[in-house]
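The structure appears below as structure tokens.
The values are calculated or read from the model by the stated rules, or taken from the named source; none is laboratory data. Quick caveat: nothing in here was measured; it's all calculated off a predicted structure. Every residue, glycine among them, receives a Cβ derived from its backbone with ideal geometry; neighbour counts consider all protein chains shown. Ligands, DNA and RNA are stripped out before the accessible areas are found, and what is left, the full protein with its side chains, is counted by its heavy atoms. Shrake-Rupley method; radii C 1.70, N 1.55, O 1.52, S 1.80 Å.
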Amino acid sequence: MKQPVGHYAYESRDREFLQERIAEFEDQVKRRLSGALSEEEFKPLRLMNGIYLQVHAYMLRVAIPYGILDSRQLRKLAHVAQRYDRGYGHFTTRQNIQFNWIALEDAPAILRDLAEADMHAIQTSGNCIRNITSDEYAGAARDELMDPRVHAEILRQWSTLHPEFTFLPRKFKIAISGSPEDRVAARFHDIGLLARPSENGPLFRVFVGGGLGRTPVVGQELFDSVPEAELLATLEATLRVYNAYGRRDNLYRARIKILVQTIGIEPFREAVKAELAKMDLSHYRLTPERVAAIRARFAAPELHAVDDADAVLAQHQKEDPDFARWVQSNTHPHFDEGYSIATVSLKTPGDIPGDVTAEQMDGLADIAERFAFSELRVTHLQNIVLGHVRKDQLYALWQGLKELNLAAPNIGLAGDIVSCPGLDYCTLANARSLPLARKLGARFGDARLQEEIGALSINISGCINACGHHHAGHIGILGVDKRGSEFYQILLGGQAGDHASIGAILGPALSEDDAVAAIARIIDHYLAHRNEQESFLEMVTRLGKAPFKEVAYETV
Amino acid sequence: MKRLSHLSPDECVLLTAARLLDGRIVWRGQDGRWFDRVAQATCLTAEESAAALEEATAQAARQGVMGVYPVVARKGAPPQPVSMKEHIRAFGPTVHPEFSYAPQPEASS
């Protein structure tokens, strides 16, 4: 079989491992259904295989390592959606996909079907190292310093079934980027890695102790320049310190961010160094040969741009303003002048953010095969990226997306709303998030209006666990429960990236309709009073929240 | 959840659980059997619900359900759970009307 572009190609031992794991889980499911295992006994076993019990049914979360899929895998996900679920899947803010209507008795068969396409659900739950996330423009962006995916794969292999880190105090999330622009929210992860090349090989800037949830914290720099050879040892030592000293007595105080906040970054760093001093570093050394062996399992796209690609694209843009608008918002510079990175918005106005039907999945697989070397990337902002599209083919690509109702020109704009599933599907939620996302999406759905507003991120979470990353949104919305009724807190000024900051709560929580109206007034105020070229976030930073609070609550 | 000791005259208690096989929501109805429609749930007083909960929990594994707990609902046909979470469990996700479990009573619209 031809090696997939963009992600690691499984070896036979990888496939054997998956089959062994599925057989083990199949036996566990049988014992649960026969009553030999109680729910209390079975719960940790199903969670280790990505199966939750949610509001309406079992939910299966499938891992998409560093967000990369090939078309064969997307077709398999479409098959799972169609055969075992209700014809759709939901892409999450962790670059995974969830199926909301799974029957437990079908779970082993689903996992076997997924394994046919080298996919699984291992470590998508539980207190272990979760799916490693990465930059959706990896290996394609013009501004990239270093493709982070080979190291993301190395981390995936290191962390999978790691015997020391299977029962950590809490879940552990790692993100890695190789771009000067932090597109992975590195400072909001338990560990965030920013890779860069040097004369002596790759170096890694390591952030630790970031996270959102109940206690939002911006991660702090642990080390500035970890050499490639010491990357695994450094992570191993960091995890060991967390495993030893992280709290296990209080669920809400168990993440590494609490440990780092409690003891301080300096003592934490010293503890990691002390652990490193005790370790046999040769055992963990990441040699150039080991890295090369992993890199060899990745296929690179064979780029062949045509000479007049720019002229053809310019002509298409001139002839079709709707296409021109989409190019403006949904494409990103590729390192090859003849190519573009195209982002497919999963935020069609009025639809549910991140939801994709089986038909759309199959259609996207067709498009990826036709235009993008069969490769797709799931983003932590719940969109899909096609990494390498010839500029002269963008118009045909866009027309194909229009047929799938996936051509919304709104990436990075008001309609590009990030949302968790909320109370409609999640047992942890206090309030619904999806109806609010749909209302806001429809309210700001007009492409011209979004263009006028400019860069704006709206993030919605249905509870304090913050799966919708509401603290990191320029406008964040948190659903809360007040005596059985849903209300929504508005936050302003959050952002991920190099200048990561946590949004400030604007005032008392509002009803759903009042929250939509308040956000509309906030945006109106921005449009009326912004300086020339001033973005929404810049204006919030300049003026603070006071003037926005005044307009948000003026009629409440 | 609303406290069972503070039920108003038009409220009652339902027992609910998840079905082991597929995780679907079920409601305890006639003869202690479990149904997937809230319309078939038995409306209990607070006093009745304590004994019923004990009995249902004891029988849960044998009946293929798990996580039995009480839910406060307004009486009616069908009864209407008062909290949004239980309303969604009873009638389906609000964002996917095609997946709704049952027609909602007019009062809930």
* If you count, for every residue in A:51-58, the Cβ atoms of partner chains within 10 Å of its Cβ, what is the mean? -> 5
* Roughly speaking, what is the centre-to-centre gap between the range B:1-32 and the range A:327-395 when only Cα atoms are used, to the nearest Å? -> 45
* Structure fact -> Any GluC sites (Glu not before Pro) in the range A:229-306 that lie in a DSSP loop and have at most 12 other Cβ atoms within 10 Å would be A:Glu302
* Nearest 100 Å² is fine: how much accessible area is buried between A and B, summed over both sides, with a 1.4 Å probe? => 2100
* Structure fact -> For A:Asp280, the accessible surface traced by a 1.4 Å probe with all protein chains present amounts, in square angstrom to the nearest 10, to 100
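Would you mind classifying the range B:11-91 by shape? Square roots of the alpha carbon gyration tensor eigenvalues, ordered a ≥ b ≥ c; an a/c under 1.5 is rounded, otherwise it is prolate if a/b is larger than b/c and oblate if not.
In terms of gyration-tensor shape, oblate.
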* Asked: Can you give the net charge of the other residues whose Cβ lies under 14 Å from the Cβ of A:Arg530, counting K and R as +1 and D and E as -1?
  -> -4
* Asked: Between A:Glu266 and A:Asp307, what FRET efficiency follows from the Cβ-Cβ distance if R0 is 45 Å, with the result rounded to 0.05?
  -> 0.20
* Asked: Relative to the Cα centre, what is the charge dipole magnitude of the range A:418-552, using +1 at the beta carbon of each Lys and Arg, -1 at the beta carbon of each Asp and Glu, and rounding to the nearest 20 debye?
  -> 300
* Unit charges at the beta carbon, dipole of the protein assembly as shown: most positive-side option, A:Ser38, A:Tyr66, A:Ser329 -> A:Ser38
* To do: Report the FRET efficiency, 1/(1 + (r/R0)^6), for A:Asp446 and B:Asp22, where r is their Cβ-Cβ distance and R0 is 41 Å, rounded to 0.05.
  => 0.50
* **Within the range A:133-295: Cβ-based charge dipole about Cα centre, in debye rounded to nearest 20 (Lys, Arg +1; Asp, Glu -1)** => 740
* **D (Stokes-Einstein, µm²/s), Kirkwood Cα radius, the range A:452-499, 0.692 mPa s at 37 °C** => 294
* To do: Just tell me, in residue order, which DSSP H segments of chain A are both 24 angstrom or longer along the helix axis (alpha-carbon based) and at least -1.0 in mean Kyte-Doolittle hydropathy.
  => A:512-529
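Quick check: net charge around B:Gln40, other residues with Cβ under 12 Å of its Cβ, Lys/Arg +1 and Asp/Glu -1? Each step should come with its number before you reach the end.
Values: positive: B:Arg28, B:Arg33, B:Arg37; negative: B:Asp31, B:Asp36.
Residues near B:Gln40 contribute +1 overall.
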* Can you pull out the GluC sites (Glu not before Pro) in the range A:1-38 that DSSP calls coil and that have at most 11 other Cβ atoms within 10 Å? -> A:Glu11
* Asked: Where does each of A:Leu428, A:Leu491 land when they are ordered by accessible area, with a 1.4 Å probe and the largest first?
  -> A:Leu428, A:Leu491
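Net charge within 9 Å of A:Gly400 by Cβ-Cβ distance, Lys/Arg positive one each and Asp/Glu negative one each, not counting A:Gly400 itself?
0
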* Structure fact -> Computed, not fitted: 222 nm per-residue ellipticity of the protein assembly as shown from DSSP H runs ≥ 4 (each -39500 (n - 2.57)), nearest 500, equal to -11000 deg cm²/dmol
* Asked: Can you give the accessible area of A:Thr215 in Å² (nearest 10), computed on protein heavy atoms with a 1.4 Å probe?
  -> 50
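What does the structure give for B:85-92 when I average, per residue, the other chain Cβ atoms found within 10 Å of the residue Cβ?
Rounded to a whole number, the mean comes out at 4.
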* Please name whichever of A:Ile341, A:Val272, A:Gly363 sits farthest to the positive end of the charge dipole of the protein assembly as shown, dipole taken about the Cα centre and charges placed at Cβ: Lys and Arg +1, Asp and Glu -1. => A:Val272
* Asked: Exactly which trypsin sites (Lys or Arg not before Pro) in the range A:1-91 are in a DSSP loop and have at most 13 other Cβ atoms within 10 Å?
  -> A:Lys2
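Shielding by partners for B:19-26, please: the mean number of other protein chain Cβ atoms within 10 Å of each residue's Cβ.
6
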* **Rounded to the nearest 10 Å², the accessible area of A:Leu449 at probe 1.4 Å** => 50
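What relative contact order, as a whole-number percentage, does chain A give when Cα pairs under 8 Å and 6 or more residues apart are counted?
Rounded, it is 13 percent for chain A.
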* Report the relative contact order of the range A:133-295, percent, no decimals, based on alpha-carbon pairs under 8 angstrom and at least 6 residues apart. => 20
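Could you grab the relative contact order for the range B:11-91? Cα pairs under 8 Å, six or more apart, rounded to a whole percent.
On the way: 141 pairs, mean separation 28.8, N = 81.
Computed over the range B:11-91, the figure is 36 percent.
Does chain A come out rounded, prolate or oblate by the C-alpha gyration tensor, with a ≥ b ≥ c the root eigenvalues, rounded set by a/c under 1.5 and, if not, prolate when a/b is larger than b/c and oblate if not? Could the numbers behind the result be given before it?
Working: a/c = 1.26, a/b = 1.14, b/c = 1.11.
Rounded, since a/c falls under 1.5.
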* **Cβ charges +1 (Lys, Arg) and -1 (Asp, Glu), total dipole of chain A, debye** => 1700
* For the range A:418-552, with +1 on Lys and Arg beta carbons and -1 on Asp and Glu, the positive-most of A:Ala500, A:Leu527, A:Cys467 along the dipole -> A:Cys467
* To do: Check the cysteines of the protein assembly as shown one by one and keep only those with no other cysteine Cβ under 4.7 Å from their own.
  => A:Cys128, A:Cys426, A:Cys463
